[in-house]
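Encoded as structure tokens, the structure appears first; notes follow it.
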Amino acid sequence: MESARITMFDTTLRDGEQSPGCSMNVQEKLRLAHQLDRLGVDVIEAGFPIASEGDFAAVQAIAATIRRPTIAALARACRPDIERAWQALKGAEKPRIHVFLATSDIHLRYKLKISREECLQQAEDAVRFAKSLCADVEFSPEDATRTEPEFLCQVLEAVVEAGASTLNIPDTVGYTIPTEFAALISMIRQRIKNEKVMISTHCHNDLGLAVANSLAAVEAGARQIECTINGIGERAGNASLEEIAAALRVRADRYPYHTGIVTEQLFPASQMLSDITKVPVQPNKAITGRNAFAHEAGIHQDGMLKNPLTYEIMTPQSVGVPDSKLVLGKHSGRHALGLRCEQLGHQFDRRELDEIYRKFVVLADKIKHVQDHHLLELIEHTHGSSRRIPPAHVDARATAAAAVEARSTNFPELPSTPLPLSSEHQPDQEDYLWGV
Ligand code: KIV
Ligand code: ZN
């Protein structure tokens, strides 16, 4: 089967940032945008410029700095929003204005207080205006999955006529289910005759179906997926980028699609977001949770030792999870420490690393093994966290260093403990373990 290219649209900096506790300042957004670039996403939705001065500044800074991916900015279907989005975007190499307007009766009646006719006209006018400023215009009929299908198609046809080149179909309230969403996407695909128009998905996770719905939509003809790192976003979040990317890679036998995602950069991206927002990744989160490659049950450990294929459908390294055997303790050297820092999204020059190393040795003397969260705290104490950039592809070097410096254990990580920079040795510290 021929493999179709899927456009990965990351909205961590816009929809993701709307989730409670996940707001980021301009520097933090820029830092994450660099990581999204390394991750290979095709589109970065950098913000909603009319929403605040900070959002405007972040979109402007990202547009001016990140040149490979398309940079998108969100706008409601009205001139002031669209003008503001364009002001923020116009320095981008590949700018995109993303216009949205709710189309479901419930939103029209109670939120917008406009008729369907007015909605249709407003959507068309807004897209035409956006197109007069920017060649690349995306339109989203908000709450599409609860919109009357015939009216939804009328709006979509009208905005295509007005110049939209991407039609994003949001499941705004996470209400749809895979078979139903696939049928909706097929219906839209048939109605929109223009082959150049890309159909996109934007699924929320209120029923825990965002990834399943996104993949069902792809099977029905969608070619862009909107998603976020760690699945953050409004309420229960958006479809998780890492889960989609891994599913497409691991099950390439059933999904004849490919993306530009460098899967080895998934874990560093997840860690960086968590480091910036201070929102931890749930331990059992697929792909990037700390238990995703941990094996505790004796039968599982036995199987893993005999052959990892017994219980692992992908290697930790393939998604950028650090080698399980690289355990940092007082016998570890600068090289291993530097590699683990890189894997956690922090790169230091020699002098900076020396400083970290001195503190690391003091700490390692006090606790048995220095875990990642200890190291992140130590880095923050020493250098702050604002300007670190993880390099690409550190796994091979990590594996090589692991062979030299590693000690392994068969126990998974215990719950996090605070950084005991000055306290006594804690006997209950256990080794950090990814896999066996
Ligand atoms: O969930 C949603 O409907 C949105 C749109 C603005 C695309 O985030
Ligand atoms: Zn959304």
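The values are calculated or read from the model by the stated rules, or taken from the named source; none is laboratory data. Treat the numbers as computed from the prediction; the structure is a model and nothing was measured. Every residue, glycine as well, gets a Cβ built from its backbone with ideal geometry; the counts of neighbours run over all protein chains shown.
Tabulated results
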{"read-out": "Test: residue in segment 34-54 that is away from ligand 2 (no atom under 16 Å from the Cβ) and closer than 15 Å to GLU138 by Cα", "value": "yes"}
{"read-out": "Residues located in segment 89-141, provided they are closer than 15 Å to THR70 by Cα and assigned to a strand (DSSP E or B)", "value": "PRO95, ARG96, ILE97, HIS98, VAL137, GLU138"}
{"read-out": "Pair list, Cβ < 6 Å and 6+ apart or interchain, from segment 134-148 residues that are free of Cβ contacts under 8 Å to residues at least 60 places away in the same chain to residues that are more than 8 Å from ligand 1 (Cβ to nearest atom) and basic (Lys, Arg)", "value": "VAL137/LYS131"}
{"read-out": "Members of segment 197-233 that are within 16 Å of ligand 2 (Cβ to nearest atom) and either part of a helix (DSSP H, G or I) or at pLDDT below 95 (or both)", "value": "ALA210, VAL211, ASN213, SER214, ALA217, ILE229, ASN230, GLY231"}
{"read-out": "Flag if VAL173 is more than 23 Å from GLN60 (Cα to Cα), within 16 Å of ligand 2 (Cβ to nearest atom), hydrophobic (A, V, I, L, M, F, W, C) and modelled with pLDDT of 95 or more", "value": "yes"}
{"read-out": "Criterion (within 15 Å of ARG223 (Cβ to Cβ) and in contact with a helix residue (DSSP H, G or I) (Cβ under 9 Å, 6 or more places away or on another chain)) met by exactly one of THR201, THR145", "value": "THR201"}
{"read-out": "Meets criteria (surrounded by 17 or more Cβ atoms within 10 Å (Cβ to Cβ), more than 21 Å from SER240 (Cβ to Cβ) and more than 16 Å from ligand 1 (Cβ to nearest atom)) for ALA182", "value": "no"}
{"read-out": "Selected residue (only one of ALA46, ALA51 is at pLDDT 95 or above and farther than 20 Å from GLY231 by Cα)", "value": "ALA51"}
{"read-out": "Some residue of segment 83-95 being within 14 Å of ligand 1 (Cβ to nearest atom) and crowded, with 21+ Cβ neighbours inside 10 Å", "value": "yes"}
{"read-out": "Which numbered condition PRO268 fails, given (1) in contact (Cβ under 8 Å) with a residue 60 or more places away in the chain; (2) more than 28 Å from ARG340 (Cα to Cα)", "value": "(2)"}
{"read-out": "ASN230 being of a type outside the set (A, V, I, L, M, F, W, C) and within 16 Å of ligand 1 (Cβ to nearest atom)", "value": "no"}
{"read-out": "Candidate set: segment 143-170, residues that are within 16 Å of ligand 2 (Cβ to nearest atom) and of a type outside the set (D, E, K, R); chosen: the one farthest from LEU207 (Cα to Cα)", "value": "THR166"}
